[in-house]
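Participant: This is the structure I have questions about; it appears just below.
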Amino acid sequence: MSVTVLVGAQYGDEGKGKIVDFLSEQMDMVVRFQGGDNAGHTVVNEQGSFKLHLVPCGIFKKGGKAFVGTGMVVNPDELLRELAEIESQGVGTSGLFISSRAVILMPYHIELDNLSEKSGRTNIGTTKRGIGYAYADKARRNALRFEDLLDLSYCEKRIRAVMPTVNAELAAKGGREFAVEEILDKAKFWAEKLAHRIVEPVSFVNQAIDEGKNLLFEGQLGAMKDIDLGIYPYVTSSNPVAAYAAVSAGFPVRKITEIVGVMKAFSSAVGDGPFPTEMDPTTADGFRGKGDQIDDEFGARTGRARRLGWLDLPVVRYAAIINGFTSIALCKIDKLDTYDEIKVCTAYKLDGKVIDYMPSAKDLYRVEPVYVTMKGWKTSTREVREYKNLPENAKKYIELIESAAGVPVRYIGVGPARNEIIVK
């Protein structure tokens, strides 16, 4: 039995999809434990190229189970679209199940999100997918859950109870109101299409653990986007840190056997907020690509060009502390293959003094990154499959990361495909 949790060590977009896809070959179940379709995981394997937003990356493991977990907010229309797209490429989806306690993301959540972003009052740069509003309704007990689709009479009562509040908020923001019948028709359609996938989550997960199965919990986004521990308010609306895998699934934290932190060999971010190591546009363009390659630096969900920066070791160190990494997966080291010199931020100065903690978002705008400059390796790593065959300067780069984080780098991505990886 093993319970592995895989989470982002930076701001998201670190390459988690590739690592989950690689590790899922050893797993009996892969669980998405938080977030919604506001971000995506890119997977490239022998079955094709996929951008997954709600479906766990473990869907490709034959005979395995993929579980949409309790901590998620799920747009059923988006889930059905994604399943249809996967099936169209010859991948079976009979192994996908949904937690009865997962929150249903409603059309009005998307409308509210768009209205707020359009008003300019939030200035957070959301993906306008309704994620924050779905989590807000969860917190104020107005949300519907997938279990409600199994009892449409009760579901109708819940819809009728919440719609006056929903429509009052929409009207106050200048948006269109939703008829109860419109939402109820949606619920009936979702029940018809998804009811056979809905399961009681706590027994579903704990039974698998008790049977000695191998489980992988797949997080979305990264540590710096955690609503409690990240760059608030420029964060997501859930907790993409390792402990939340156990909290949301309902099993003891002590049963987690490994925590893998996934990071890029440089930094990237989407949306607003502080980003201390952000590159100038010309340098960033060299990393980004033109968008014609699967691993170019554009958001899997939004298509927006990512903000890019030099590697920020204080962020990686902080992520290791709050998650308890047992190993690190380092992705996209091949993107550094052509550089003569590579800058790395090793510390922050705040008001002229080096600090040993992660400051607030407000102070992150003011920090001065302390850089070291390392020599590049000026040779391709794309064909390397053993650590010993990496260029010496690439090894030094990896050793610097290990020293700063206090965690071994076990997996090294040298390209987007599943087999373009080194296991150290």
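Participant: Please determine whether any residue of region 126-143 is in contact (Cβ under 8 Å) with a residue 40 or more places away in the chain, more than 21 Å from the chain's Cα centre (by Cα), closer than 18 Å to Ile198 by Cα and buried (at least 20 other Cβ atoms within 10 Å of the Cβ).
Facilitator: yes
Participant: Going by the conditions given, is Val344 crowded, with 20+ Cβ neighbours inside 10 Å and touching a Leu at 6+ places or on another chain (Cβ under 9 Å)? Give the steps one after another, and end with the answer.
Facilitator: Numbers: crowded, with 20+ Cβ neighbours inside 10 Å: yes; touching a Leu at 6+ places or on another chain (Cβ under 9 Å): yes.
Considered against the rule, which asks whether it is crowded, with 20+ Cβ neighbours inside 10 Å and touching a Leu at 6+ places or on another chain (Cβ under 9 Å), Val344 comes out as yes.
Participant: Taking region 35-62, which residues are assigned to a loop (DSSP other than H, G, I, E, B) and modelled with pLDDT of 85 or more?
Facilitator: Residues of region 35-62 that are assigned to a loop (DSSP other than H, G, I, E, B), as a first pass: 36-40, 46-47, 53-56, 61-62.
Those that are assigned to a loop (DSSP other than H, G, I, E, B) and modelled with pLDDT of 85 or more: Gly36, Asp37, His53, Leu54, Val55, Pro56.
Participant: Right, Ser237: under 22 Å from Val5 (Cβ atoms), among the polar types (S, T, N, Q), at pLDDT below 95 and buried (at least 20 other Cβ atoms within 10 Å of the Cβ) or not?
Facilitator: yes
Participant: Just to be sure I understand, how many residues within region 369-390 are assigned to a loop (DSSP other than H, G, I, E, B), of a type in the set (A, V, I, L, M) and either under 28 Å from the mean Cα position of the chain (by Cα) or farther than 17 Å from Ala329 by Cβ (or both)? Can you show your working first?
Facilitator: First, pick out the residues of region 369-390 that are assigned to a loop (DSSP other than H, G, I, E, B): 376-386, 390.
Restricting the remaining residues to those that are of a type in the set (A, V, I, L, M) gives 384, 390.
Cutting the leftovers down to either under 28 Å from the mean Cα position of the chain (by Cα) or farther than 17 Å from Ala329 by Cβ (or both) gives us 384.
Number satisfying all stated conditions: 1.
Participant: Hey, another quick one. From Val55, Val43, Val68, which residue is β-branched (Val, Ile, Thr), over 21 Å from Ser248 (Cα atoms), in contact with a Ser or Thr (Cβ under 8 Å, 6 or more places away or on another chain) and in contact (Cβ under 8 Å) with a residue 24 or more places away in the chain?
Facilitator: Val43
Participant: Of a type outside the set (S, T, N, Q) and on the phi > 0 side of the Ramachandran plot: does that describe Lys349?
Facilitator: no
Participant: Of the residues Gln89, Gln47, only one is in contact with a strand residue (DSSP E or B) (Cβ under 8 Å, 6 or more places away or on another chain) and surrounded by fewer than 18 Cβ atoms within 10 Å (Cβ to Cβ); which?
Facilitator: The unique qualifying residue is Gln89.
Participant: Kindly evaluate Tyr348 against the criterion of being in a loop (DSSP other than H, G, I, E, B) and assigned by TED's automatic domain parsing to the domain that holds Gly219.
Facilitator: In short, no.
Participant: Could I ask something else about it? State yes or no: is Ala179 of a type in the set (A, V, I, L, M, F, W, C), in contact with an Asp or Glu (Cβ under 7 Å, 6 or more places away or on another chain) and surrounded by fewer than 15 Cβ atoms within 10 Å (Cβ to Cβ)? Can you show your working first?
Facilitator: Working: of a type in the set (A, V, I, L, M, F, W, C): yes; in contact with an Asp or Glu (Cβ under 7 Å, 6 or more places away or on another chain): no; surrounded by fewer than 15 Cβ atoms within 10 Å (Cβ to Cβ): yes.
Judged against the criteria, Ala179 is not a match.
Participant: Let me ask something additional. Which condition from (1) touching a strand residue (DSSP E or B) at 6+ places or on another chain (Cβ under 7 Å); (2) surrounded by fewer than 19 Cβ atoms within 10 Å (Cβ to Cβ); (3) modelled with pLDDT under 95; (4) closer than 20 Å to Thr283 by Cβ is the one that Lys424 breaks?
Facilitator: So the condition that Lys424 fails would be (4).
Participant: Considering only residues of region 144-176 that are under 15 Å from Val73 (Cα atoms) and of a type in the set (D, E, K, R), which is surrounded by the most Cβ atoms within 10 Å (Cβ to Cβ)?
Facilitator: Asp148
Participant: State which residue pairs qualify: first residue within 13 Å of Arg140 (Cα to Cα) and inside region 158-172, second residue of a type outside the set (A, V, I, L, M, F, W, C) in any location, beta carbons under 7 Å apart, and separation of 6 or more residues or different chains.
Facilitator: Final answer for the pair search is Val162/Asn142; Thr165/Asn142; Val166/Tyr108.
Participant: Return yes or no: is Ala187 surrounded by 15 or more Cβ atoms within 10 Å (Cβ to Cβ), closer than 30 Å to Gly12 by Cα and not basic (Lys, Arg)?
Facilitator: no
Participant: Quickly run through region 204-234 and pick out the residues that are modelled with pLDDT under 95 and of a type in the set (A, V, I, L, M).
Facilitator: Listed by number, the list holds a single entry, Leu221.
Participant: May I ask you to verify whether Ile401 is in the same structural domain as Tyr357 (by TED's automatic domain parsing), under 25 Å from the mean Cα position of the chain (by Cα) and within 29 Å of Gly48 (Cβ to Cβ)?
Facilitator: It is false that Ile401 is in the same structural domain as Tyr357 (by TED's automatic domain parsing), under 25 Å from the mean Cα position of the chain (by Cα) and within 29 Å of Gly48 (Cβ to Cβ).
Participant: Identify the residue in region 269-300 that is under 30 Å from Ser2 (Cβ atoms) and in contact with a Lys or Arg (Cβ under 8 Å, 6 or more places away or on another chain) and, among all such residues, is modelled with the highest pLDDT.
Facilitator: Residues of region 269-300 that are under 30 Å from Ser2 (Cβ atoms), as a first pass: 294-295, 300.
Keeping just the survivors that are in contact with a Lys or Arg (Cβ under 8 Å, 6 or more places away or on another chain) gives 295, 300.
Values: Asp295: 69, Ala300: 60.
By that ranking, first place goes to Asp295.
Participant: If Asp28 passes every condition in (1) crowded, with 22+ Cβ neighbours inside 10 Å; (2) in contact with a Gly (Cβ under 8 Å, 6 or more places away or on another chain) but one, which one does it miss?
Facilitator: Looking at each condition in turn, Asp28 falls short on (1).
Participant: Moving to a separate point now. For region 59-117, name all the residues that are of a type in the set (Phe, Trp, Tyr) and in the same structural domain as Asp137 (by TED's automatic domain parsing).
Facilitator: Selection gives Tyr108 alone.
The values are calculated or read from the model by the stated rules, or taken from the named source; none is laboratory data. Remember, it's a predicted structure, so these values are computed and weren't measured experimentally. Cβ sites come from the backbone with ideal geometry, for glycine too, and all protein chains shown count toward neighbours.
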